[in-house]
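Colleague: Have a look at this one.
Every number in this text was worked out from the coordinates using simple rules, so none of it is lab data. Computed from a predicted structure; not experimentally measured. Here the Cβ is made from the backbone with ideal geometry for all residues, glycine too, and neighbour counts use every protein chain on show.
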């Protein structure tokens, strides 16, 4: 458990240090994600890596536990809404309508594109 | 018992213990309700935790800064949780590799739609320029969105609020909307949730279907990259 958490934190740490040292506009945790993914893929090729957090479902179960409660992690930032109540009272309805319409349009545009593109590309694969 | 309940309150309200307990307890209750209602969209645990904790802070006259000093330990885990997305991604790698092209096309269309739609709508509503700039990056995860907002000299705290509101609305609406369209491809449904509603949409997607959650996580990560490049471009063209 602790070893698995350490591995996750270590990936993030390397990611954060890396993006700052190279000044690239990528979030550090996203680089950490890629590092952990590479480690898991490397384990398939080199079974010697399957020890500690990378063996015995260690980092897998720690990650699943964290992702099962992903909603919890947004609450502290979300409560920040209380600081903006005056602004929401002034422009609140407009902002809510704008965000709601935008989110619906975005959901529909993305899913329609995904479905259309995936049927297009799979059809291309089938034609000899 | 302390002879002075006020001094006890002063101690408690300044220590992380109280605010961590309030955050975890409220989430435990709202998440249990969400499970009981078989993950009904309107029983969204983030939405209900926010108003319960917000009301508690208002009633006790506690500032958000004091609350966050305690709750930041939960907030911190957002970074490690992003790293943890590598695990479901690894477990579903064959499915993901087979869908790389549709994902890239949907990423381009979805990311652009998210930014352009909010800027055009906000302009049509006649909102002040500073508010429009603050709303523009609302579909990416809070940390990245606030960075974009700062670089545009907008209001990062308003951006954070619009990010959270977008995430909650997306998480509530995605399941009924997708059921209405009749689309049953959970890869596409999850991907759309991640593009439109970042981490809160991803959390919702994991509640519904693991494959949807994986695709939402990828969409959220990719969108964070694309949006930070697109927003400055889009506002230069759309807000001249």
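Colleague: Over what distance in Å are the Cα centres of region B:18-77 and region A:16-49 separated?
Modeller: One Cα centre to the other: 32 Å.
Colleague: Something else about it: Top mean-square fluctuation among B:111, B:13, B:34, Gaussian network model of chain B, C-alpha springs under 10 Å?
Modeller: The residue with the greatest mean-square fluctuation here is B:13.
Colleague: I've got another one for you. In whole Å, what are the Cα extents of region B:67-186 along the three principal axes, biggest one first?
Modeller: Rounded to whole Å, the extents work out to 46, 39, 27 Å.
Colleague: Then there is this: Tell me, what is the percent relative contact order of region B:150-240, built from C-alpha pairs under 8 Å that lie six or more residues apart?
Modeller: On the way: 92 pairs, mean separation 22.0, N = 91.
Across region B:150-240, relative contact order equals 24 percent.
Colleague: Under 25 °C and 0.890 mPa s, how fast does the protein assembly as shown diffuse according to Stokes-Einstein, given a Kirkwood radius computed over C-alpha pairs? Answer in µm²/s, whole number. Present the calculation step by step, with values, prior to reporting the outcome.
Modeller: Numbers: Rh = 21.2 Å.
Roughly 116 µm²/s, to the nearest whole number.
Colleague: Separate question: Under 10 Å, Cα contacts only: if you run a Gaussian network model on chain B, which one of B:79, B:167, B:190 comes out with the highest mean-square fluctuation?
Modeller: Answer for the Gaussian network model of chain B: B:79.
Colleague: Only Cα pairs within less than 10 Å get springs; with that Gaussian network setup on chain A, which residue of A:72, A:33, A:99 has the largest fluctuation?
Modeller: A:99
Colleague: Students often check this: by mean Cβ neighbours within 10 Å, which of A:78-84, A:57-63, B:71-77, A:89-95 ranks highest, and how do the rest follow? Each step should come with its number before you reach the end.
Modeller: Numbers: A:78-84: 21.9, A:57-63: 19.9, B:71-77: 17.0, A:89-95: 14.6.
Ranked from most to least packed, the peptides come out as A:78-84, A:57-63, B:71-77, A:89-95.
Colleague: Would you report the distance distribution of C-alpha pairs in region A:1-68 as whole percents per 10 angstrom bin, up to the bin with the largest distance?
Modeller: Using 10 Å bins, I get a P(r) of 21, 49, 26, 4 for region A:1-68.
Colleague: Now, a different point. Testing the spin-label approximation: label points 7 Å from Cα along Cα→Cβ at residue B:98 and residue B:180. State their distance in nm.
Modeller: Output for this residue pair reads 3.1 nm.
Colleague: Just to be sure I follow: if Rg is taken over the C-alpha atoms of region B:182-240 and Rh is the Kirkwood radius over the same atoms, what is Rg/Rh? Don't skip to the answer; put the middle values down first.
Modeller: Working: Rg = 13.3 Å, Rh = 11.8 Å.
That ratio equals 1.13.
Colleague: Which value in nm describes the separation of the simple spin-label points at residue B:236 and residue A:64, placed 7 Å from the Cα toward the beta carbon?
Modeller: 4.7 nm
Colleague: For a footprinting-style exposure proxy, rank A:86, B:209, B:185, B:31 by other Cβ within 10 Å, fewest first. Mind showing how you got there, number by number?
Modeller: Numbers: A:86 8, B:209 15, B:185 19, B:31 22.
With the fewest neighbours first, A:86, B:209, B:185, B:31 line up as A:86, B:209, B:185, B:31.
Colleague: Within region B:211-240, name every residue whose backbone N is under 17 Å away from a label modeled 7 Å from Cα of residue A:122 along the Cβ vector.
Modeller: So the set is B:211-212, B:215.
Colleague: For the peptides B:40-49, B:121-130, A:105-114, B:137-146, what is the packing order when you average, over each peptide's residues, the other Cβ atoms within 10 Å and list the highest mean first? List each step's numbers first, then the result.
Modeller: Numbers: B:40-49: 20.6, B:121-130: 14.6, A:105-114: 23.8, B:137-146: 27.6.
Top to bottom by mean Cβ count within 10 Å: B:137-146, A:105-114, B:40-49, B:121-130.
Colleague: Let me have the relative contact order for region B:1-52, percent, based on Cα pairs under 8 Å that are six or more residues apart.
Modeller: Details: 22 pairs, mean separation 14.1, N = 52.
This gives 27 percent for region B:1-52.
Colleague: Any idea what the relative contact order of chain B is, in percent, if you count C-alpha pairs under 8 Å spaced at least 6 apart? Let's see the in-between values first.
Modeller: Details: 275 pairs, mean separation 42.6, N = 240.
Relative contact order for chain B comes out at 18 percent.
Colleague: Once Rh for chain A is found with the Kirkwood sum over Cα pairs, what is the Stokes-Einstein diffusion coefficient at 10 °C and 1.306 mPa s, in µm²/s? Mind dumping the intermediate values first?
Modeller: On the way: Rh = 19.1 Å.
Stokes-Einstein gives a translational diffusion coefficient of 83 µm²/s.
Colleague: Ignore the peptide's own chain and count Cβ atoms of other chains within 10 Å of each Cβ in B:69-79; give me the average, rounded.
Modeller: That works out to 5 on average.
Colleague: Please compute, over every Cα-Cα pair in chain B, the percentage with a separation greater than 31 angstrom. Provide the component values of the computation, followed by the final result.
Modeller: Details: 8360 of 28680 pairs.
Within chain B, distances greater than 31 Å cover 29 percent of Cα pairs.
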